[in-house]
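Please read the structure below before turning to the comments.
The values are calculated or read from the model by the stated rules, or taken from the named source; none is laboratory data. Note that the structure is predicted; figures quoted are calculated from it, not measured. Quick reminder, even Gly has a Cβ in these numbers, built from the backbone with ideal geometry, and neighbours come from all protein chains shown.
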Amino acid sequence: MEGLSWISDEWIKFFEVSYDGIIIADGEGRIVYINPASERLEEVDKEYIVGRLASELEEEGIYEVSVTVKTLRERKPVSLMQYKGGKQLVITGIPIFEDDEIKWVYINERDVTELNKIKRDSEEVKAIAEKYKRQLEELQVREDEKSEMVTGSKVMEKTVSLLARIAPTDILVLLEGESGTGKDVHARWIHRHSLRKDKPFVKIDCGTLSETLLESELFGYTKGAFTGASNSGKKGLVEVADGGTLFLDEIGEMPLGLQVKLLRLIQDKVFIPVGSVEEKTVDIRIIAATNRNLKDMIRQGTFRQDLYYRLNVMPVRLPPLRERKEDIFYFIEFFMEKFNKKYGFHKTILNRAISRLCDYSWPGNIRELSNVMERLIVVVPRAAIDASDVETVLGREYRKGQGEDDFSRQTYDEAFEEFERYYLKGMIGVSSSNYELAEKTGLSASTLKRKLKKYKLRLRDRAKTEPKDQN
Ligand SMILES: Nc1ncnc2c1ncn2[C@@H]1O[C@H](COP(=O)(O)OP(=O)(O)OP(=O)(O)O)[C@@H](O)[C@H]1O
């Protein structure tokens, strides 16, 4: 340690206990000091190293690349990453100048294996946490779906899985269906499952306002734009929806004069507030809904063809309830739970009451079913809703609706499945065991098991919905 005689023994003691490797070389590259940590990290012996030229040690392969040599050559701090005996070392050489000459090279070696492992571990932990977070979110979504939207039948499952695929994209969705088929519910579902879910969902019913009012509601107005306009002007719903989703309900009712402005909004995401000359740009996703046949409207000249093609990118048809009778069971279950909770009841419904509800053609679709279920829960004074209650609540509607089944849109298989489920549900109502059910239906135990599974039916549903003495 001759070359370092100017450094006090106290300082050397610090070097000796350092966890980092420390090497000091002179201006010619001759190693004058190596601390125990460096001996350990580099797997070398100080007796062999001290007094030797770094370039020689590099030639001998003791050092794969000598940082000392590199630092002397480049005359500036140099950092390298090297692997030695399974360790990952970051080696830094710093030249120390006297006048213009390099007097010393100070080398610091740090074992980053542990550090990198900790980093990798923490990344792994982060990835696992992300995975669980995603799983939780998916569970949450499923929970939401359960509580907000019925998705029971095969048709509905297909629709929902299509919506799940398109929800995160910005594709324009056109929901088509009769009044009460769930266009609003589905539009909100798309928004909630989109990347815009934390931004506003703004609905405008194009059928309820006059052309002038609709225009100012949609696009807003500047101050003094028309008599009675607020002095400060007003933001339109299009702007309120910025970043989120604009739901244009009853798009078929949109006045022709506004259709061209809507076309511009859809195409270029620009609009002009009433009374202004300046265009404004927004970032919105548009979902439109209609219960009218837009193609017929084009023929009648009340709907623009170019707008129709802009809107018809991803049409999603929500069939009327009479075309998906299988869904009625799921809706009944859903509304029983919903309204029992709302009114604090624990009412049940008998299978024969369910049969009556299924017989009806539901011209007002799910909205009508929802209203009827709410009325039944509230007005029936007994714990179990019976067939006669349904007939009373539906009244004349029931008799009118009976026998109006429309199978014209169903294939034979679909109609058969609908009947089979209906039949089995009825037979469950009059059987007290699987054995009895098999006997009454004449089906083998295994066929019965398979069919009950297919239609998600259970014998204990009966116990839940029908008191024993009523059978
Ligand atoms: N899949 C569903 N799950 C649960 N409730 C539903 C579903 N579809 C519709 N409903 C209920 O039925 C009623 C009517 O639904 P919604 O308002 O979405 O229909 P709509 O097609 O938009 O009707 P309109 O054309 O008259 O505006 C609402 O009370 C809604 O909660």
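Considering only helices (runs of 4 or more DSSP H) fully contained in the range 92-199, which possess at least 2 residues that are at pLDDT below 90?
Details: elements: 113-148, 154-166, 183-192.
The helices (runs of 4 or more DSSP H) meeting that bar are 113-148, 154-166.
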**Single residue of the range 147-167 satisfying the filter (of a type in the set (A, V, I, L, M, F, W, C) and more than 29 Å from residue 269 (Cα to Cα)) that is farthest from the ligand (Cβ to nearest atom)** = 155
**Asked** Looking at residue 375, is it out of contact with any strand residue (DSSP E or B) (no Cβ under 8 Å at 6 or more places or on another chain), assigned to a helix (DSSP H, G or I) and within 16 Å of the ligand (Cβ to nearest atom)?
**Response** yes
**Request:** Just one of (1) farther than 23 Å from residue 83 by Cβ; (2) under 60 Å from the mean Cα position of the chain (by Cα) trips up residue 51, so point out which.
**Result:** (2)
**Prompt:** Pairs under 6 Å by beta carbon, first residue at positive phi in the range 45-58, partner among the charged types (D, E, K, R), six or more apart or different chains?
**Reply:** none
**Item:** Where a residue in the range 74-91 is over 12 Å from residue 111 (Cβ atoms) and its partner, wherever it lies, is crowded, with 16+ Cβ neighbours inside 10 Å and basic (Lys, Arg), with Cβ under 7 Å and at least six apart
**Value:** 78/70
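Restricting attention to the range 300-317, does a residue exist that is modelled with pLDDT under 90, hydrophobic (A, V, I, L, M, F, W, C), farther than 30 Å from residue 388 by Cβ and out of contact with any strand residue (DSSP E or B) (no Cβ under 9 Å at 6 or more places or on another chain)?
Initially, the range 300-317 is screened for residues modelled with pLDDT under 90, giving none.
No, there is no match, as no residue in the range 300-317 is modelled with pLDDT under 90, hydrophobic (A, V, I, L, M, F, W, C), farther than 30 Å from residue 388 by Cβ and out of contact with any strand residue (DSSP E or B) (no Cβ under 9 Å at 6 or more places or on another chain).
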**Prompt:** Any idea which residue in the range 168-191 is surrounded by the fewest Cβ atoms within 10 Å (Cβ to Cβ), counting only those that are among the charged types (D, E, K, R) and more than 6 Å from the ligand (Cβ to nearest atom)?
**Reply:** 170
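Mind checking whether some residue in the range 223-245 is assigned by TED's automatic domain parsing to the domain that holds residue 183, aromatic (Phe, Trp, Tyr) and over 29 Å from residue 194 (Cβ atoms)?
The initial filter retains those residues of the range 223-245 that are assigned by TED's automatic domain parsing to the domain that holds residue 183, namely 223-245.
With the extra rule that they be aromatic (Phe, Trp, Tyr), the set shrinks to 226.
Retained after the next criterion (residues that are over 29 Å from residue 194 (Cβ atoms)): 226.
So far as the range 223-245 goes, yes, one or more of its residues are assigned by TED's automatic domain parsing to the domain that holds residue 183, aromatic (Phe, Trp, Tyr) and over 29 Å from residue 194 (Cβ atoms).
Taking into account only those residues within the range 309-345 that are of a type in the set (Lys, Arg) and in a loop (DSSP other than H, G, I, E, B), which is nearest to the ligand (Cβ to nearest atom)?
Within the range 309-345, the subset of a type in the set (Lys, Arg) is 310, 317, 322, 324-325, 338, 341-342.
Imposing the further condition that a residue be in a loop (DSSP other than H, G, I, E, B) reduces the set to 324-325.
On the way: 324: 11, 325: 15 Å.
Going through the qualifying residues, I end up with 324.
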**Asked** What are the residues in the range 192-228 that are within 15 Å of the ligand (Cβ to nearest atom) and in contact with a Lys or Arg (Cβ under 7 Å, 6 or more places away or on another chain), if any?
**Response** 201
**Item:** Long-range neighbours under 6 Å by Cβ, at least six apart or interchain, first residue of a type in the set (Phe, Trp, Tyr) within the range 171-189, second near the ligand (Cβ under 8 Å from one of its atoms)
**Value:** 189/149
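Considering only the range 378-398, how many residues are outside any helix (DSSP H, G or I) and surrounded by 20 or more Cβ atoms within 10 Å (Cβ to Cβ)? So that I can check it myself, show each step before the final result.
If we filter the range 378-398 for residues that are outside any helix (DSSP H, G or I), which is where we start, we get 380-386, 395.
Subsequent filtering for residues that are surrounded by 20 or more Cβ atoms within 10 Å (Cβ to Cβ) retains 380, 385.
Looking only at that region, the number is 2.
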